[in-house]
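Colleague: Take a look at this one; I'll ask things after.
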Amino acid sequence: MQNVCSVAVCAVAVMCFAVTVPCRSMASEYVYEAPKQLDDGWKVSTLDAEGMNTDIITRLTNQVINGKLKGIHSILIVKNGVIVHEVYFGTYRRESLHTMYSITKSVTSGLIGIAIDNGYIGGVDKTIGELLPEYAGAIKDDRLKDVTVEQLLTMTCGLDWDEWSYPYCDPRNSEYPQVRFEDWVQHVLELPVRDEPGTRWVYNTGGVHVLSAILKNRTGLYANQFAEKYLFEPLGITRWSWNTDPKGYSATGGTRGGLKLRTRDVAKFGMLYMREGKWNGERLISEEWVRKSTAKRVTAVRNSDYGYLWWLTSYTIKNRQIDMVSGQGYGGQLLALVPDLDLMYVFTSWGRAEDADTFGPMVMIINSALTE
């Protein structure tokens, strides 16, 4: 999740990540209406029918429309398993594909779980040396051969990596040189080991990209092909794109944007985890993997814990502890699960070093669900 840290913004960064900022006329006034029922596997309802405060969500939506909240492209809320609020801003529409950035990491976690469930990968204790023997010559520190899938999933692989101290267009950012190599995986594996693997959490998109090569090696399919067969088709996701490195490996860490999805389809992936690995009654991911990957594996940063490429955070709202599992991406992309409230919401946002204004809306959404 690039957006948990504050990175310096330089003039070049604007050129690297320029997008059109959505806006609407100050004169427009949003009046709540139920989401549209489509033939896409989702059921819809209303905020009121599912026990949420409609006035709060209407106020939130108008604050985005009137420019009081910046950078948000769409908001979708699911309560009790049904869509209760769906709105798009500016030029964005229901069919728009949104760049997920590091929410791609959470999808990658799901793919690794499916690969383990189906016997392609023997388990999270399998090592890079076992799973990628063709890259043995690239590894300069033998400790890296013993790095496990779990350490890649928890960002404790120990590599000398720093992508938070400088903007992504700065050569000192570890991701900057990666994309200038023909083989991104080889470049990552050639890096020195700074920390003993398994001892220290460091945000590391390069390490997550190694999982892309592992998926291809063990399944015979690139991550995007594997996702289409085992995840997207069963979920009814028909429009998507996923950028690759020059070797054809999908950018599983979200490098240069990663996966692009429609907002409703992001929520479909989230619902798998809200329903212990099932979508509309069909099991796609094992309940064990959902439980393991969304449990605390390591303390990360700013009082946030980390599972298998999922963030775990807690907030106190209305004197109640709210535990949230989330996939988060550069610029304010957010897929948030609040199991205790049977609540899920998605924000798609701009792609800028400065996050969109999503924290206040998050609190408003939770407040709306805490109506008792």
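Colleague: Taking every pair of Cα atoms in the chain, average 1/r, invert it to obtain the Kirkwood radius, and report Rg/Rh to two decimals.
Modeller: 0.96
Colleague: Can you tell me the FRET efficiency between Arg59 and Asn217 if r is taken as the Cβ-Cβ distance and R0 is 45 Å, rounded to the nearest 0.05?
Modeller: 0.35
Colleague: Now for a different question. Could you tell me, in Å, what Rg and Dmax come out for the Cα atoms of segment 103-235?
Modeller: Rg and Dmax of segment 103-235, Cα atoms, are 14.5, 41 Å.
Colleague: Order of 262-270, 127-135, 76-84 by packing, highest average Cβ count within 10 Å first?
Modeller: Final packing ranking: 262-270, 76-84, 127-135.
Colleague: Cross-link partners among lysines for Lys318, C-alpha distance below 26 Å, same-chain residues fewer than 8 apart left out?
Modeller: Cα-Cα hits under 26 Å: Lys68, Lys70, Lys79, Lys296.
Colleague: Could you give the angle, 0 to 90 degrees to the nearest 10, between helix 359-369's Cα long axis and the longest principal axis of the Cα atoms of the chain?
Modeller: Between the helix axis and the principal axis of the chain, the angle is about 60 degrees.
Colleague: Using only Cα atoms, find the angle between the long axis of helix 263-274 and the longest principal axis of the chain, and express it within 0 to 90 degrees, rounded to the nearest 10.
Modeller: Once rounded, one gets 70 degrees.
Colleague: Over the C-alpha atoms of segment 200-308, what are the Rg and the largest Cα-to-Cα span, Dmax, in Å?
Modeller: Cα only, segment 200-308: 14.7, 39 Å (Rg, Dmax).
Colleague: Beyond 17 Å, what percent of the Cα pairs of segment 53-141 remain?
Modeller: Result for the distance tail: 70 percent.
Colleague: Jot down the per residue volume, in cubic angstrom and as a whole number, of the convex hull over the alpha-carbon atoms of segment 66-106.
Modeller: Hull volume normalised by residue count: 113 Å³.
Colleague: OK, next. Can you give me the relative contact order of segment 103-235 as a percent, contacts being Cα pairs under 8 Å and 6 or more apart?
Modeller: 28 percent
Colleague: Count the net charge of all other residues whose Cβ sits under 13 Å from the Cβ of Trp310, scoring Lys and Arg as +1 and Asp and Glu as -1.
Modeller: +3
Colleague: Still on this structure, I have one more. Say the dipole of segment 103-235 comes from +1 at the beta carbon of Lys and Arg and -1 at that of Asp and Glu; which of Ile214, Ile103, Ala136 then lies farthest toward its positive end?
Modeller: Of the candidates, Ile103 comes out farthest on the positive side.
Read the figures in this text as sums done on the coordinates, not as results from a lab. What you are looking at is a predicted structure, and each value in this text was computed from that prediction instead of being measured. Because the Cβ atoms are built from the backbone with ideal geometry, glycine has one as well, and the counts that use them run over all protein chains shown.
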